Amino acid sequence: MHEYAFFLGCIAPNRYPGCEASAIKTSEKVGIKLLPLKGASCCPAPGAFGSIDLNVWYAMAARNLVLAEEMKKDITLICNGCYKSIWEVNHILKHNDELRDNVNEVLAEIDMQFKGSIDVWHLAELYYDEKICGVQKIKDSVTTPLTGAKIAPHYGCHLMKPQKERHFGDTENPMWFEELIAALGCEPVQYRNKMQCCGAGGGVRGYDIVHALDITNEKLINVREVGADAITEVCPFCQLQFDRGQIEIKEKFGDVYNIPVLHYNELLGLAQGMSPQDLALDLHAIDCTPFLQKVL
Amino acid sequence: MAAKSYNISELDNKLADRRYHLADSNPEFTQKILKTSRTIANMCYQCGTCTGSCPSAPRSSYRIRLFMRRCVLGLENESLTDPDLWLCTTCYSCTDRCPRDIAPTDVIMAMRNLAFKRDIIPKNFLQTVQLIYNSGHGVPNNDVNRAARTKLGLPADPPTTHTYAEFIPGIQKIIDHYELKANADRILKGD
Ligand code: SF4
Ligand code: SF4
């Protein structure tokens, strides 16, 4: 068993608890154990906090990192926004002495110190990583293949970009997520402008909801165009934007899509035999029933 | 070599200014942005690849290339008072495509930090600060979700600051160190 401190963030545990439950259960089936990271907070939200004062963003993220350093465990997480904060601040503070000293001065006030002794991983990248899990192991864990479903992959922004600072390679047309989706027995589909943002980030969802939804709407048009039965992503904030966003888009623009939106962990959960009840899919704004009838 | 003269004094002055500063430019502004953004914004050659990659550009007047030029020219007021500053989703498409290896996204973040120092900040950003200050979470738990969590066999509250509230004072100390909560309260009250 590979053990990790499980950083939850906000939207997964507090809005889509199925993402959290499925992460814990699906990972155990492929040899990954998620341990609670007690006392963790918001990552904090990179758009909101980073825009106000990057120094507070560094310090707050560092506090979360130190909690895992004290456990002597690497962190894994299931949200691209959390990845931006936790992975990137870890990376910055490991390489920038001046910023690390500043942060440690503040952390000293609460008897903490950032040492830079752990690494941070997105659970999806651990699933893809041959050394930890790998696509074949995911495939072998599937008991209920989701045959017949066309799935549109949404990579989101903050996992892979900016490319030069990350380690995922090409950000124009990556295909690794498609491999993970195909492992579940369903068909990943390609659509126009696959790498476009969901529209929610950078505080824009809160600042100008119509602007954010207009970006989301463009993605939904492109996803519908190729006849996708569902969208899957690795970010609960993107999930919220596509899922609740479809209700808001209907209200504001009158466009109706009814395309279910599932986190990859939820999809994997279904393929490993978890029931829709085990995943609280009823909390999703867009009814997943037609999709479930097709695949189960 | 002296700049070619056009016998128009204003134009001659501008051409003689090798840094292309306008009357209202503040060179310090450029320097501050370079430091906070940790990117080589002054290397921008205005090719427009960033705007061409930007999901916000086709649906608004927001032009990231314009902000890059404002940065180089030190146009502080123009940058910080433009409401378009807040339309960047921080998607980093521009950053991945910039042929000069600049991170325009981080220039926007630096400008937003400087705007906040002048109390220019959308309300929703400050509300997130207040939520995190009080609960540790930007999106806190609620009763519907607690019931759903229990049904899933998860604890009603996640093992974060929601369960371990003793960690909240530490978070408040960090935020107070930067006087963020006090400023957020003050700015929101003034609205
Ligand atoms: S892509 Fe880079 S060089 Fe081109 S205008 Fe934008 S910031 Fe400047
Ligand atoms: S990071 Fe901001 S400026 Fe750059 S492409 Fe995305 S939305 Fe546009």
Interface residues, the range A:31-75 - accessible area loss of 50 Å² or more versus chain alone, probe 1.4 Å: A:Lys38, A:Gly39, A:Phe49, A:Ser51, A:Ile52, A:Leu54, A:Val56, A:Met60, A:Arg63
Extension gain (nm, one decimal) between B:Ala147 and B:Ile8, 0.36 nm per residue minus Cα-Cα: 42.6 nm
Amide H contacts of A:Gly134 (H built 1.01 Å from N, under 5 Å, at least 5 apart or other chain): A:Tyr128, A:Asp129
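What FRET efficiency would be calculated for the residue pair A:Glu187, A:Ser275, taking the C-beta separation as r and a Förster radius of 22 Å, to the nearest 0.05?
Numbers: r = 23 Å, r/R0 = 1.04.
Plugging the Cβ-Cβ distance into 1/(1 + (r/R0)^6) gives 0.45.
Quick check: residue separation of A:Val210 and A:Leu296 times 0.36 nm, minus the Cα distance between them. What number comes out in nm?
Working: separation 86, 0.36 × 86 = 30.96 nm, distance 3.58 nm.
This chain segment gains 27.4 nm when fully extended.
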Residues with amide H under 5 Å from that of B:Thr160, placed H, sequence gap 5 or more: A:Gly39
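Would you list B:Asp17, B:Asp143 from the most to the least accessible area, probe 1.4 Å?
Working: B:Asp17 40, B:Asp143 115 Å².
Order by accessible area, largest first: B:Asp143, B:Asp17.
Just to confirm a number: summing +1 for Lys and Arg and -1 for Asp and Glu over residues other than A:Gln272 whose beta-carbon lies under 15 angstrom from that of A:Gln272, what do you get?
Net of charged neighbours comes to 0.
How much area per residue is accessible in the range B:33-126 when the probe is 1.4 Å and only protein heavy atoms are counted (Å²)? Mind showing how you got there, number by number?
Values: 3460 Å² over 94 residues.
Solvent-accessible surface per residue comes out at 37 Å².
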Residue-span extension gain [A:Asp129 to A:His95] - 0.36 nm each, minus C-alpha spacing: 9.8 nm
Partnerless cysteines, meaning none of the other Cys C-beta atoms lie under 4.7 Å away, in chain B: B:Cys44, B:Cys47, B:Cys54, B:Cys71, B:Cys88, B:Cys98
Label point distance in nm, A:Asp255-A:Thr289, each placed 7 Å from Cα along Cα→Cβ: 2.6 nm
Per-selection Kirkwood Rh - chain A (Cα, Å, 1 d.p.): 19.4 Å
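Expressed as a whole percentage, what fraction of the accessible surface of the range B:104-191 belongs to carbon and sulfur atoms when a 1.4 Å probe is rolled over the protein heavy atoms? Don't jump to the answer; show the numbers that get you there.
On the way: 2090 of 3870 Å².
Within the range B:104-191, the accessible surface is 54 percent carbon and sulfur.
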Distance between modelled label sites at A:Glu165 and B:Ala156, nm, 7 Å Cα→Cβ extension: 4.0 nm
For the range A:265-275, 3J(HN,Hα) per residue [Karplus equation, 6.51 cos²θ - 1.76 cosθ + 1.60, θ = phi - 60°, Hz, x = Gly/Pro]: 4, 5, 4, 4, x, 4, 5, 8, x, 5, 8
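At a 1.4 Å probe, what is the % contribution of carbon and sulfur to the accessible area of the range A:50-147?
46 percent
Filter the trypsin sites (Lys or Arg not before Pro) in the range B:26-122 down to the DSSP loop ones having no more than 10 other Cβ atoms within 10 Å, then list what survives.
Details: sites: B:Lys32, B:Lys35, B:Arg38, B:Arg59, B:Arg63, B:Arg65, B:Arg69, B:Arg70, B:Arg97, B:Arg100, B:Arg112, B:Lys117, B:Arg118; in loops: B:Arg38, B:Arg63, B:Arg100, B:Arg118.
Sites meeting the loop and neighbour criteria: none at all.
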Debye-sum result for the range B:1-123 in log10 I(q)/I(0), which assumes one identical scatterer on each alpha carbon, at q = 0.09, 0.10, 0.11 Å⁻¹: -0.27, -0.33, -0.40
Most mobile of B:Ile108, B:Ile168, B:Ile33 in a GNM of chain B (Cα contacts under 10 Å): B:Ile168
Max mean-square fluctuation residue, GNM over chain B, Cα-Cα springs under 10 Å, options B:Asn77, B:Asn124, B:Asn142: B:Asn142
Residue-by-residue Karplus 3J(HN,Hα) for the range A:99-106, coefficients 6.51, -1.76, 1.60, Hz, glycine and proline x: 5, 5, 4, 4, 5, 5, 4, 6
Free-standing Cys, chain A [no other Cys Cβ under 4.7 Å]: A:Cys10, A:Cys19, A:Cys42, A:Cys133, A:Cys186, A:Cys288
Selected from A:Leu268, A:Leu93, A:Leu184 as most flexible by GNM, with chain A as the system and alpha-carbon contacts under 10 Å: A:Leu93
Label-point separation in nm, A:Thr147 to A:Glu225, each point 7 Å along Cα→Cβ: 3.1 nm
Order of exposure, largest accessible area first, which applies to A:Val261, A:Val142 with probe 1.4 Å: A:Val142, A:Val261
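Set the Förster distance to 35 Å, then compute FRET efficiency between B:Ala165 and A:Gln136 from the Cβ-Cβ distance, nearest 0.05.
Working: r = 43 Å, r/R0 = 1.24.
It comes to 0.20.
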Net dipole in debye of the range B:1-122 [+1 Lys, Arg Cβ; -1 Asp, Glu Cβ; about Cα centre; nearest 20]: 280 debye
³J(HN,Hα), Karplus 6.51/-1.76/1.60, whole Hz, each residue of the range B:55-71, x for Gly, Pro: x, 7, 4, x, 10, 6, 8, 5, 10, 5, 4, 4, 5, 5, 5, 4, 4
Ratio of the Cα radius of gyration of the range A:156-296 to 2.2 N^0.38 Å, where N counts its residues: 1.04
Accessible-area ranking of A:Thr289, A:Thr232, largest first, probe 1.4 Å: A:Thr289, A:Thr232
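The values are calculated or read from the model by the stated rules, or taken from the named source; none is laboratory data. Predicted, not measured: the structure shown is a model, and the values here were computed from it. Because the Cβ atoms are built from the backbone with ideal geometry, glycine has one as well, and the counts that use them run over all protein chains shown. When the accessible area is computed, the model is the full protein with side chains, heavy atoms only, and any ligands, DNA or RNA have been set aside. Shrake-Rupley method; radii C 1.70, N 1.55, O 1.52, S 1.80 Å.
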